[in-house]
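Chemist: Shown below is the structure under consideration.
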Amino acid sequence: MNRTWNGIIRQAEGFLNSYSQVFFSDNRWLAWFLLVVSFFDPYAGFAGALAIVVANGAAQSMGFNSWFIQKGFYGYNALLVGLGFGLTFQPGWAFYLILAVAALLTFFFTIGIQGVFYKYGLPYLSIPFLLGIWLILTASGEFSALGLSVRGVYVNNELYALGGKWLIDLFNWFDQLISIQGIRTYLFSMGAIFFQYNLLAGFFIAIGLLIYSRIAFTLSIFGFFLAWLFYHLTGADLIALGYSYIGFNYILTSIALGGFFIIPSRWSYLWLIWLLPMVIVVTLGLQKFFAIFGLGLYALPFNVVVLTFLYVLKIREKPGGKLIETPVQQFSPENNLYQSRTNANRFYAPSYLPIGLPVIGEWTISQAYNGEHTHKGEWGQALDLIMLGNNGQQYKGEGLEPRDYYCYEKPVVAPADGVVADLTDGIPDNLIGDSNTQRNWGNSVVIKHHDYLFSQYSHLKPDSIKVKKGASVKKGDIIGLCGNSGRSPYPHLHFQIQETPHIGSKTKHYPLSNYLLEQTNRHELFTHSIPKLDEKVTAIQNNPLLESAFHFLPGKKLVFEVSGANEKWMNGMHEWNVKTDEYNNSYFECSRTGATAWFYNNGNIHYFVNYIGNRKSLLYYFYLGFYMVLTGYYKDLVINDYIPVNKVLKGIKMFFHDFVAPFHLYLKARYEMKYIKLDDDFFDASAQLQSKIILGKNNEMVVDIELAKQGIAQFRFTSNKMKFKAICIEY
């Protein structure tokens with residue numbers, strides 16, 4: 001029974017999302033707006049709805065991905081074919097028979113094109129719709145039972161039949177209300193996206209778009225009037241623009257490249273200044289050619305330019321920069337923007353593999369990148385590390401022997417998992433002040449972490465290397481001891497990242513992850529940075545209590561009992577299950593609300609990376625309070641981070657902020673984590689942490705956290721609007 005009900009819910013959501021996906025969205029409000037607009041012509045609206053049912057029904061019965069069905073990916077191209085078909089032909093038995101065939105054919109086109117385009121990381125956009133509508137219109141002349149529609153010829157008669165005189169008066173009033181030609185053409189073009197050629201339909205779609213996304217709405221206006229200006233400046237035929245309402249190509253291109261497939265920014269807006277003229281050139285260049293066959297261009301110019309530009313971006317030598325492709329699609333320009341800006345501070349790059357310090361404890365950078373002694377040219381991106389004593393010196397006594405140096409014989413560890421690619425051993429240590437320039441790297445080990453990503457450790461003590469070539473190593477495994485071999489006048493560790501597996505390869509600029517920097521008697525956490533000369537750096541060591549508390553394995557269940565909440569819905573039992581998706585991404589799912597909180601643990605830090613669902617859920621407050629937790633304990637450490645502002649704020653503040661967000665984020669939600677107390681008793685270990693979400697002066701959320709040997713014991717949440725205590729009763 002549950003399975004059947006879940007299938008019905010999935011089909012219902014897929015039906016609605018098929019409408020909103022035309023604007024690259026899964027927003028429910030926008031879907032309802034578009035559904036209503038599609039029925040401004042009832043026959044076309046019904047044909048579009050029927051086409052979705054056929055396409056999604058075929059997808060489910062044939063066993064295709066349920067998530068794709070639910071998101072509307074399999075239905076929106078069929079919807080567009082149904083709308084175009086329903087507007088063009090008269091209903092009848094032949095009409096519905098051919099419509100079903102057209103919808104099914106469009107679905108097959110969707111699957112086939114998806115398989116080809118996804119190999120290149122490209123969307124299929126509305127290519128299946130174009131193939132479906134062109135084929136069905138070309139073939140329609142052979143179906144004698146299929147009659148052309150005369151709707152649209154006697155508009156007032158049709159309006160009267162639908163709603164009486166008041167509906168005619170409404171349409172006429174609205175038509176007279178808007179007299180500026182540019183705005184009229186914009187609204188006509190907006191309505192034409194759903195095959196509705198009237199101002200009121202375009203107005204409703206624009207309002208739906210505004211409610212869904214301020215950025216998408218702004219881009220629709222920006223893109224259309226950029227194209228309008230280009231027509232004026234070049235002397236192109238504006239009558240053709242107004243008559244055919246082909247302007248929807250400029251609207252869709254602007255939304256797609258200005259804020260959906262590209263993270264919204266001033267650069268995405270600026271690039272539209274060049275891209276929209278390309279859409280115009282493609283439009284004008286192909287119009288006459290397609291007229292020979294009696295076919296409309298529909299959304300072909302939009303598809304050509306968007307797909308070409310996205311492909312060009314994907315084959316760049318250095319992705320990212322000023323134009324950033326959306327790494328994980330949030331189906332909203334605002335969500336894409338806020339999540340991307342936050343992750344840019346937390347993570348170096350989507351493909352970044354965390355590599356930490358190859359040492360234990362506190363070390364000092366004696367020579368940094370492009371150093372004054374040996375780090376030059378192709379070998380400039382390297383670090384030398386030493387240890388200093390309380391006297392500020394790197395040795396005790398006279399410093400005449402290698403053993404006098406604090407770093408000598410200290411363990412060198414693997415900073416990340418990998419395989420030993422190369423090593424050299426047996427080179428004797430130098431006398432202090434001497435150097436072996438013949439074998440200048442000394443005893444060295446190279447570890448492969450990934451394709452074209454290796455790390456090298458040099459000047460190790462002879463016969464101290466603990467690994468063999470080809471052996472696998474785990475992060476933290478000892479690979480050798482710090483020595484004084486090679487070009488090393490005093491004991492130190494040379495450490496570099498490189499792209500090839502040989503000792504002495506040229507170096508690679510690569511930020512180190514998860515280390516602490518000592519600054520005026522306190523520590524600061526760096527998640528990805530390059531240490532500088534004379535900086536005192538410490539590799540993070542996990543505390544067993546914190547490491548265990550934030551080790552959330554798939555299949556684990558957490559149950560909290562909430563009391564003292566000033567909102568009744570919060571009190572009671574809350575159960576969460578830890579799950580993973582097909583891409584091995586981990587998340588909590590709340591059985592009470594269906595909300596999900598996605599997280600990531602890099603071995604030293606627990607991160608929450610996204611929250612999806614109702615804010616009336618304990619899981620939402622857990623996401624806020626445990627947003628970033630270091631699993632090592634350092635009492636003087638304060639962790640600072642930022643939560644995507646749209647996850648915390650809402651209402652009129654966020655509404656106006658969204659308009660300017662691509663250019664300036666003036667609202668922020670700062671996250672702060674402090675380590676208060678640790679009782680490291682073997683039999684009764686416990687810890688107290690406190691996190692804050694700071695939204696402005698006198699506007700803070702405070703979360704007091706208690707950890708026990710079994711894991712998270714409880715947390716208390718306090719803000720101006722909410723207060724409660726959550727005790728973990730199953731972990």
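Chemist: With +1 on each Lys and Arg Cβ and -1 on each Asp and Glu Cβ, and nothing else charged, work out how big the dipole of the chain is about its Cα centre, in Debye to the nearest 20.
Modeler: Approximately 1060 debye in magnitude.
Chemist: Let me ask another. Of the listed pairs K475/K508; K616/K650; K697/K721; K119/K448; K616/K725; K692/K721, which have alpha-carbon separations greater than 18 Å here? Mind showing how you got there, number by number?
Modeler: Working: K475/K508 20 Å; K616/K650 14 Å; K697/K721 15 Å; K119/K448 28 Å; K616/K725 15 Å; K692/K721 15 Å.
Table pairs above 18 Å Cα-Cα are K475/K508; K119/K448.
Chemist: Stokes-Einstein diffusion coefficient for the range 431-516 at 10 °C in a medium of 1.306 mPa s, Rh from the Kirkwood formula over Cα pairs: what value in µm²/s?
Modeler: So the translational diffusion coefficient is about 117 µm²/s.
Chemist: Need one word for the range 188-227: rounded, prolate or oblate. Basis is the Cα gyration tensor (sqrt eigenvalues a ≥ b ≥ c); a/c below 1.5 gives rounded, then a/b vs b/c decides.
Modeler: oblate
Chemist: Related question: Tell me the Kirkwood hydrodynamic radius of the chain in angstroms, computed as one over the mean inverse distance between distinct C-alpha pairs.
Modeler: 29.7
Chemist: Follow-up. What percent of all Cα-Cα pairs in the range 179-346 falls into each 5 Å bin, going from 0 up to the bin containing the maximum distance?
Modeler: 1, 9, 17, 21, 19, 15, 9, 5, 2, 1, 0, 0
Chemist: If you build the Cα gyration tensor of the range 1-150 and take the root of 5 times each eigenvalue, what three semi-axes come out, in whole angstrom, biggest first?
Modeler: Semi-axis lengths for the range 1-150 are 24, 18, 15 Å.
Chemist: For S20, what charge total do you get from the other residues with a beta carbon under 13 Å from its beta carbon, if Lys and Arg give +1 and Asp and Glu give -1? List each step's numbers first, then the result.
Modeler: Details: positive: R28, K71; negative: E13, D26.
Neighbourhood net charge equals 0.
Chemist: How much FRET efficiency would the formula 1/(1 + (r/R0)^6) give for A145 and L177, where r is the Cβ-Cβ distance and R0 is 60 Å, rounded to 0.05?
Modeler: Result of the calculation: an efficiency of 0.90.
Chemist: Under a Cβ-only charge scheme (Lys and Arg +1, Asp and Glu -1), can you give me the dipole magnitude of the range 388-430 about the Cα centre, in debye to the nearest 20?
Modeler: The calculation lands at about 200 debye.
Chemist: Tally Lys/Arg at +1 and Asp/Glu at -1 over every other residue whose Cβ is under 10 Å from the Cβ of Y587; what's the total?
Modeler: Within the 10 Å Cβ shell, the charges total -1.
Chemist: Using 1/(1 + (r/R0)^6) with R0 = 22 angstrom and r between the beta carbons of K668 and N566, what's the FRET efficiency to the nearest 0.05?
Modeler: The computed FRET efficiency comes out at 0.25.
Chemist: Straight-line reach only, C-alpha to C-alpha below 13 angstrom: list the aspartates and glutamates that K668 could link to, leaving out same-chain residues fewer than 8 apart.
Modeler: Within the straight-line limit of under 13 Å, K668 reaches these aspartates and glutamates: D641, D658, E700.
Chemist: Still on this structure: Can you give me the long-range amide H partners of F724? Hydrogens built in the peptide plane at 1.01 Å from N, cutoff under 5 Å, separation of 5 or more residues or another chain.
Modeler: Under 5 Å from the amide H of F724: F717.
Chemist: Now for a different question. Between K474 and H551, what length in nm is gained on full extension when 0.36 nm per residue of separation is reduced by their alpha carbon distance?
Modeler: Result: 25.9 nm gained on full extension.
Chemist: Highest mean first, how do 573-582, 402-411 rank when packing is the count of other Cβ atoms within 10 Å averaged over residues? Don't skip to the end; give the middle numbers.
Modeler: Numbers: 573-582: 14.6, 402-411: 19.4.
Order by mean packing, descending: 402-411, 573-582.
Chemist: Suppose we take every Cα in the range 544-730 and form the convex hull; what volume per residue is that in Å³?
Modeler: 137
Chemist: Related question: May I ask for the angle, rounded to the nearest 10°, between helix 42-61 and the longest principal axis of the chain, with both axes built from Cα atoms and the value confined to 0 to 90°?
Modeler: 40
Chemist: Be a star and scan the range 292-307 for residues whose amide nitrogen sits under 15 Å from the point 7 Å along the Cα-to-Cβ vector of T138.
Modeler: 292-298
Chemist: Using θ = phi - 60° and the Karplus form 6.51 cos²θ - 1.76 cosθ + 1.60, what ³J(HN,Hα) does each residue of the range 326-340 get, whole Hz, x for Gly and Pro?
Modeler: Each residue of the range 326-340 in turn: 5, x, 10, 6, 9, 6, 6, x, 5, 4, 4, 5, 5, 5, 5 Hz.
Chemist: Expressed in nm to one decimal, what extension gain is obtained for the pair F39 and E362 from 0.36 nm per residue of sequence separation less their Cα-Cα distance?
Modeler: Taking 0.36 nm per residue and subtracting the Cα distance, the gain is 109.4 nm.
Chemist: Measuring from a point 7 Å past the Cα of F293 along Cα-to-C-beta, which residues in the range 99-130 have an amide N at less than 15 Å?
Modeler: Only 127-130 fall inside the zone, counting backbone N under 15 Å.
Chemist: Could you work out how much longer the chain between V116 and K579 gets when fully extended? Use 0.36 nm per residue separation minus the Cα distance between them, nm to one decimal.
Modeler: That pair, V116 and K579, stretches by 163.6 nm at full extension.
Chemist: To make sure I understand the rule: partners must be aspartates and glutamates, Cα under 13 Å from the Cα of K556, and not fewer than 8 residues away in the same chain. Which ones qualify?
Modeler: Cα-Cα hits under 13 Å: E575, E589, E730.
Chemist: When the gyration tensor of the range 362-523 is built from Cα positions, what are the square roots of 5 times its three eigenvalues, in whole Å, from largest to smallest?
Modeler: 23, 19, 16
Chemist: On to the next question. Based on the alpha-carbon gyration tensor of the range 276-409 and its eigenvalue square roots a ≥ b ≥ c, which shape applies: rounded if a/c is under 1.5, prolate if not and a/b is larger than b/c, or oblate?
Modeler: Prolate shape, in that a/c is at least 1.5 and a/b is the bigger ratio.
Chemist: May I ask you to derive the FRET efficiency for V559 and N391 from their Cβ-Cβ distance with R0 = 56 Å, giving the value to the nearest 0.05?
Modeler: Values: r = 54 Å, r/R0 = 0.97.
About 0.55, to the nearest 0.05.
A short reminder: the numbers here are calculations on the coordinates, not readings from a lab. Given the structure is predicted, the values throughout are model-derived calculations rather than measurements. Neighbour counts run over all protein chains shown; Cβ positions are idealised from the backbone, glycine included.
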